[in-house]
Amino acid sequence: MTNKVNAYGAMSSTTPLEPLVIERRDVGEHDVQLDIKYSGVCHSDIHMTRDEWGFNSIYPMVPGHEIVGVVTQVGTNVHQFKIGDVVGVGVMVGSCQKCTPCTNGHEQYCEQDFIGTYGVKDIYHNNEITHGGYSNSIVVDEKFVLYIPQPLLPKLNAVAPLLCAGITTWSPLNHWKVGGSHTVGVIGLGGLGHMAIKFARALGAHVVAITTSIDKIADAKKLGAHEVLLSNNPDEIKKYTTKFDFLLNTVPHSHNISQYVNLLKLDGVMVIVGALVPLDGLNGAELLSHRRVVTGSAIGGIKETREMLDFCAKHDILPDVELIKMEEINTAYTRMINGDVKYRFVIEMN
Ligand code: NAP
Ligand code: ZN
Ligand code: ZN
């Protein structure tokens, strides 16, 4: 038996999102069903629905991987959650649970496959196609469901973006042990970038926002940046040559990374989290001259996501959000592409 659920999704890579009805599986013994209250809008939702990454997107596609909701049913073997709990679901809903990355809490690097919350075949659940948070309810294995810490509950409408934008920026800062002695640059001030500024500041780093948008300078400082650098001004960029210990690059499109590589000091690290496409400008001479590292990072594991949520609760860190209605999603996508969002859209589900 399956359950019909109202949702919003894309029928093809070239059509706007529209209302549709999807089917969710019955609640299995390890499953949690939640009534979705809020769903964040990630730039990946645009890339995926428009098939911009060449992943052969599967349609209809119901995006949404920043999900907050209330538990409405639990399977007979669920031990962590009960009806009425306020919980979240992020970018993953499955992984093999056996490989070394999985057993070390890095399910996003599962050697077999991690299952994305939407748009993929779930090999651990009868090959059903996953559908995301732009819907009224979802059924997820409890291993991929997260408690929302009590202190965050009064501001629940801002919590959802932590499940992707939050963990995707937290994980590399955590992995590379960014802290008090570091100068950190955050490239791109969108959903991910604004969270990175908040986290890096709370971790004690000297934070520089690196933006293409003059109109974000004042905001960047309010978000926690000590300095703001305009990336489309080559002279200004050059002044920061070899000044950075760490750069988090959230730019969503292909670009030449050379101008950023040159900002890294000895052993400096640039982590690419934004562009899932080939990047120009990697020059051996620029890397070896200062033993620089250019690497990438994908979301974060479940344990790390719990730690990130606890950190947010402790330090009162939440995204800056603009609430929208489900039927405003296509306008929201256009605004996001134009950089017109401060700094994350969150859909209020009903
Ligand atoms: P977003 O809210 O649209 O923000 C992206 C920001 O990048 C923009 O606000 C803009 O900031 C800057 N930007 C846009 N186009 C640019 C260009 N051509 N050159 C330089 N800067 C540009 O997007 P998001 O939701 O933060 O996502 C960012 C990227 O991360 C997306 O590609 C998304 O798919 C990817 N992502 C990856 C992971 C992962 O696991 N690694 C997880 C989530 C998302 P300024 O106005 O400040 O320049
Ligand atoms: Zn995302
Ligand atoms: Zn695995």
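Side notes on the structure shown:
- Residue satisfying all of: in the range 314-328; under 18 Å from the mean Cα position of the chain (by Cα) and not in a loop (DSSP other than H, G, I, E, B); surrounded by the most Cβ atoms within 10 Å (Cβ to Cβ) among these: V321
- Taken over the range 49-75, the residue count meeting the criterion of being closer than 21 Å to F144 by Cα and within 13 Å of ligand 1 (Cβ to nearest atom) is 4.
- In the range 105-119, the residue that is nearest to I129 (Cα to Cα) out of those that are part of a loop (DSSP other than H, G, I, E, B) and away from ligand 2 (no atom under 16 Å from the Cβ) is D113.
- Among (1) at pLDDT 95 or above; (2) loosely packed, with under 15 Cβ neighbours inside 10 Å, the one test that H79 misses: (1)
- Taking every residue in the range 273-293 that is more than 16 Å from ligand 3 (Cβ to nearest atom) and pairing it with any residue that is basic (K, R), at least 6 positions away or on another chain, the pairs with Cβ-Cβ distances below 9 Å are E286/R292; H290/K265; R292/K265.
- Qualifying residue in the range 131-142 (condition: within 16 Å of ligand 1 (Cβ to nearest atom) and closer than 30 Å to V294 by Cα): no
- Residues that are without any contact (Cβ under 8 Å) to a residue 40 or more places away in the chain and out of contact with any helix residue (DSSP H, G or I) (no Cβ under 6 Å at 6 or more places or on another chain) were ranked within the range 113-125; the one that is surrounded by the most Cβ atoms within 10 Å (Cβ to Cβ) is I115.
- Condition check for I347: of a type in the set (V, I, T), within 16 Å of ligand 3 (Cβ to nearest atom) and touching a Ser or Thr at 6+ places or on another chain (Cβ under 6 Å): no
- Failed item in (1) within 30 Å of I138 (Cα to Cα); (2) surrounded by fewer than 17 Cβ atoms within 10 Å (Cβ to Cβ); (3) away from ligand 1 (no atom under 11 Å from the Cβ), with M349 passing the rest: (2)
- Across the range 131-166, the number of residues qualifying as crowded, with 23+ Cβ neighbours inside 10 Å and hydroxyl-bearing (S, T, Y) comes to 2.
- Residue list for the range 82-112, restricted to those being over 22 Å from P172 (Cβ atoms) and either free of Cβ contacts under 8 Å to residues at least 12 places away in the same chain or near ligand 3 (Cβ under 9 Å from one of its atoms) (or both): K82, C96, Q97, K98, Q112
- Among the helices (runs of 4 or more DSSP H) confined to the range 219-293, the ones with at least 2 residues that are open to solvent by 50 Å² or more (accessible area, probe 1.4 Å) are located at 234-238, 284-288.
- Answer residue from the range 169-201, given it is among the small types (G, A, S) and either free of Cβ contacts under 8 Å to residues at least 24 places away in the same chain or farther than 24 Å from H106 by Cα (or both) and is surrounded by the most Cβ atoms within 10 Å (Cβ to Cβ) among those: G185
- Filter result for V93 (within 16 Å of ligand 2 (Cβ to nearest atom), assigned by TED's automatic domain parsing to the domain that holds P19 and open to solvent by 10 Å² or more (accessible area, probe 1.4 Å)): yes
- Qualifying residue in the range 65-77 (condition: within 16 Å of ligand 2 (Cβ to nearest atom) and farther than 24 Å from F345 by Cα): no
The values are calculated or read from the model by the stated rules, or taken from the named source; none is laboratory data. As the structure is a prediction and not an experimental result, all values here were calculated from the model. All Cβ positions, even for glycine, are placed from backbone atoms using ideal geometry, and neighbour counts span all protein chains on display. Heavy atoms of the whole protein, side chains included, go into the accessibility calculation; ligands, DNA and RNA do not. Shrake-Rupley method; radii C 1.70, N 1.55, O 1.52, S 1.80 Å.
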